Amino acid sequence: MRLSIGLFLLLLSCVHTNERPVTETRSPIPARLIVREVRHSPCFTLYGGSCSHQEAVLRIEGSVKRDLPYGCLITKDGMPQSTITSDIQGDAIRVAFRCAKSLPFKVVYVMPSGRHFADCKEYGGSSWDWASVPDFRAASSTMIGQNCPGVHFEDVAAEIRTAGEAELIPFLKETLPLKAPRKTSMDSLQAWDDAYLSLSPAGQSQLHNDFRRAILEKSSTLALERSLRYADINDAAFEEAIVKRLEENLNSATGYEMDASMDMMLRRLAQSNPQRAGEMGCKELVREKRRGALAYLPGALLVVAKARYSCPVVLDAVRSSLCHASFYCSSSSRKDGICEYKDLSDEIDRHLKQKTEKPDAVQRDRMLLAAALSTEGINDVLRLWHERRSYSIEQAASPDCQSQYVMGKKAVRCRCFSETPAEACSDIRNVTTCTFEVDDRRRLIHNVMSP
């Protein structure tokens, strides 16, 4: 019955639109600003909703009429006192408008491909002069740098590329240090990388000097990251610059945005100076632990392992490893079968040769183990971890939990989990936001704490 009523209302529903002209220009390209009033009937609203709304429309007249989502809306003061002017520049159309005499002009670029871009730069003055407005190509990198709403890097790059690869290369040089996230992607690469990789080998080579400068001189995080990814960083001239960058980052409060470049620089340094790389890799791991990183940087683990550098901070991570961590090797000569350095050295070298990578869980476990094998105390940690695989926690009830801080009070009772964890390979475990310790003698968990 409810479905029938809903279908009946849907069939009866209507959308009424009324277009109200605001202002127009007839030359050189006919263009007008319109307010489109949209009303739904019948209309049922909840929580103070409305049955009508306004839409701002910029209409470009011509052989093909185009309605674009720019313009002005009617306010409580009435119809906007708008101004509009148009211009032809090559195959492109430029439209400038403002919604009141006291407001600045805004410029929209309408391209022959059908793409359109609204510059977020504001143009003041009582009169209009197109000579003060750059063409689309000149404005493109500025729009990306200012993160103009609705202006996406891949759309701008695709539009510029319609004029040929030679036009795209200067744009990529200008935007090397700028953010260029894809519209829909969680990949670490950005739309800038897609545009660069679409170039021919000859086109890519034209950015090599820009990459070199970004590595040897002070540059933004993104410029450095992209340059490290695409330049031939085996050049000996880069080593001193890379060491300097690493030292700067290790002594700064930089966060996750530097991870990719730190990873690549550590891998590069390990090729020519593995001991120095191991030392810096350990410092990076200490820095990551201090900032609460959920996983250690693969490059930092690898360079510590390659140098066989003693890095005590890694022991804590091994100590907290789960029972199913991939610490065993069939080629191991140890009685417990846990991997030795000789079993992992080829893997270390193979991974180090990668500029960047996304290791899976097994690879991360083995990188962590390899980084810890040269640190004093690792055998005791691994012995306990191995022994704990042979028993499960058999606790009648979930132990009491104490919260460190609740509303300014210390040691407030709480509850961390509904069932007692059966697995206890780690010395200190995390369950959601809670931690607990293992009592090996009694095979119980205790000291359960929540933040």
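The values are calculated or read from the model by the stated rules, or taken from the named source; none is laboratory data. Quantities reported herein were computed from a predicted structural model and do not represent experimental measurements. With ideal geometry, Cβ positions are generated from the backbone for all residues, glycine too; neighbour counts draw on all protein chains shown.
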Filter the stretch 289-309 for residues that are among the basic types (Lys, Arg) and under 22 Å from the mean Cα position of the chain (by Cα); the one that is nearest to LEU352 (Cα to Cα) is LYS289
If you go through ARG229, ARG182, the only one that is modelled with pLDDT under 90 and crowded, with 16+ Cβ neighbours inside 10 Å is ARG182
In the set ARG115, ARG94, ARG66, ARG59, the lone residue that is farther than 30 Å from LYS179 by Cα and at pLDDT 95 or above is ARG59
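Would you point out which residue out of LYS218, LYS183, LYS173 is within 25 Å of LEU266 (Cα to Cα), of a type in the set (Lys, Arg) and outside the structural domain of VAL110 (by TED's automatic domain parsing)?
Numbers: LYS183 fails: within 25 Å of LEU266 (Cα to Cα); LYS173 fails: within 25 Å of LEU266 (Cα to Cα).
Just a single option satisfies the conditions, and that option is LYS218.
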So, first residue free of Cβ contacts under 8 Å to residues at least 40 places away in the same chain in the stretch 289-307, second residue in a loop (DSSP other than H, G, I, E, B), Cβ within less than 7 Å, six or more apart or across chains; the pairs are ARG291/GLY255
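Test ILE84 against the criterion of being outside any loop (DSSP other than H, G, I, E, B) and exposed (fewer than 14 other Cβ atoms within 10 Å of the Cβ), and give yes or no.
Values: outside any loop (DSSP other than H, G, I, E, B): yes; exposed (fewer than 14 other Cβ atoms within 10 Å of the Cβ): no.
In short, no.
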Checked pairs for the stretch 139-168, first without any contact (Cβ under 8 Å) to a residue 60 or more places away in the chain, second among the polar types (S, T, N, Q) and crowded, with 21+ Cβ neighbours inside 10 Å, C-beta under 7 Å and 6 or more apart or across chains, list as SER141/THR175; ILE144/THR175; VAL156/SER140; ILE160/SER140
Only one of (1) of a type in the set (D, E, K, R); (2) in a loop (DSSP other than H, G, I, E, B); (3) crowded, with 21+ Cβ neighbours inside 10 Å does not apply to GLU284, and that is (2)
Inside the stretch 247-261, the number of residues satisfying the requirement of being within 16 Å of LEU216 (Cα to Cα) and either surrounded by fewer than 24 Cβ atoms within 10 Å (Cβ to Cβ) or at pLDDT 95 or above (or both) is 3
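For (1) farther than 17 Å from PRO312 by Cβ; (2) more than 28 Å from the chain's Cα centre (by Cα); (3) surrounded by 14 or more Cβ atoms within 10 Å (Cβ to Cβ); (4) modelled with pLDDT under 90, each residue gets a yes or a no:
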| site | (1), (2), (3), (4) |
| --- | --- |
| ASP349 | yes, yes, no, no |
| ASP360 | yes, no, no, no |
| ARG364 | yes, no, yes, no |
| ASP380 | no, yes, no, no |
| GLU387 | yes, yes, no, yes |
| ALA396 | yes, yes, no, yes |
Out of (1) surrounded by fewer than 17 Cβ atoms within 10 Å (Cβ to Cβ); (2) at negative phi; (3) in contact with a Pro (Cβ under 8 Å, 6 or more places away or on another chain), the one GLY62 does not meet is (2)
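With respect to VAL286, determine if the residue is in contact (Cβ under 8 Å) with a residue 24 or more places away in the chain, closer than 24 Å to ALA253 by Cβ and over 22 Å from the mean Cα position of the chain (by Cα).
Values: in contact (Cβ under 8 Å) with a residue 24 or more places away in the chain: yes; closer than 24 Å to ALA253 by Cβ: yes; over 22 Å from the mean Cα position of the chain (by Cα): yes.
Judged against the criteria, VAL286 is a match.
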